[in-house]
Amino acid sequence: HLVRMHQEEGLSFKNVISFNLDEYFPIKPDSLQSYVRFMREQLFDHVDIPTENYFLPDGTIEESAVKEFCEEYERKIDALGGLDFQLLGIGGNGHIGFNEPGSSVKSRTREVELTTETMEANKSHFGAGKMPSKALSMGIGSILEGKELLMLATGKSKAAAIKYLLN
């Protein structure tokens, strides 16, 4: 809808700054499962957002550079005024981003280990033995600092997580 509104109604993204929530780790940005590729194909390549205005976790960095990359990601968010709006989804086990259940509400952008349940739910998108066991994800603390949050839950597989969340 956003692409259509841009193309047909003149909706501009020139002043939008975007920070993606997460990315598998490790993964190449042109991989079919990469959120970098997804965002470019589904949105960024079709609207007028400047390339210097979108930021995505880098699934190609060296393991030794992950901590510094995540800290810098947080600094960029802060330097650009924080997050005005977060569009989120919830996983079948209740994960938000790749913050698995039990993640600290104070957590920041970091490398996370994916649970067996999350890997099972996503392995069909990857070839045999190719499912990453880690991801880079904004933390719950980072997410909660957003001024407005919108969480979507689609499909019956999310019903138990939403029921648990609301109780």
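The values are calculated or read from the model by the stated rules, or taken from the named source; none is laboratory data. Keep in mind the model is a prediction, meaning the values are calculated, not measured. Because the Cβ atoms are built from the backbone with ideal geometry, glycine has one as well, and the counts that use them run over all protein chains shown. Protein only, heavy atoms only, side chains kept; ligands, DNA and RNA dropped before computing areas. Shrake-Rupley method; radii C 1.70, N 1.55, O 1.52, S 1.80 Å.
When the range 148-167 is examined, which residues are found to be within 17 Å of the chain's Cα centre (by Cα) and over 12 Å from Gly91 (Cβ atoms)? Within the range 148-167, Glu148, Leu149, Leu150 qualify. Taking the criterion of being touching a strand residue (DSSP E or B) at 6+ places or on another chain (Cβ under 9 Å), small (Gly, Ala, Ser) and assigned to a helix (DSSP H, G or I), the only residue of the range 147-166 that qualifies is Ala161. Residues of the range 39-51 that are within 27 Å of Asn122 (Cα to Cα) and buried (at least 16 other Cβ atoms within 10 Å of the Cβ): Met39, Arg40, Leu43, Phe44.
Of all residues in the range 99-137, those satisfying the criterion of being closer than 16 Å to Tyr73 by Cα and of a type in the set (A, V, I, L, M, F, W, C) are Val112, Ala135, Leu136. If you filter the range 104-130 down to residues that are under 12 Å from Asp22 (Cβ atoms), modelled with pLDDT of 95 or more and not acidic (Asp, Glu), you find that the one that is most open to solvent (accessible area, probe 1.4 Å) is Arg110. Of (1) within 29 Å of Gly155 (Cα to Cα); (2) surrounded by fewer than 14 Cβ atoms within 10 Å (Cβ to Cβ); (3) without any contact (Cβ under 8 Å) to a residue 60 or more places away in the chain, Asp78 satisfies all except one. Which? Every listed condition holds for Asp78 apart from (1).
For beta carbons closer than 8 Å, sequence separation of 6+ or different chains, a first residue in the range 39-60 that is farther than 23 Å from Glu8 by Cβ and a second that is assigned to a loop (DSSP other than H, G, I, E, B) and hydrophobic (A, V, I, L, M, F, W, C), the qualifying pairs are Phe55/Ile17; Gly59/Ile27; Thr60/Ile27. Of the residues that sit in the range 118-137 and are aliphatic (A, V, I, L, M) and in a loop (DSSP other than H, G, I, E, B), which one is nearest to the chain's Cα centre (by Cα)? Top of the filtered list is Met131.
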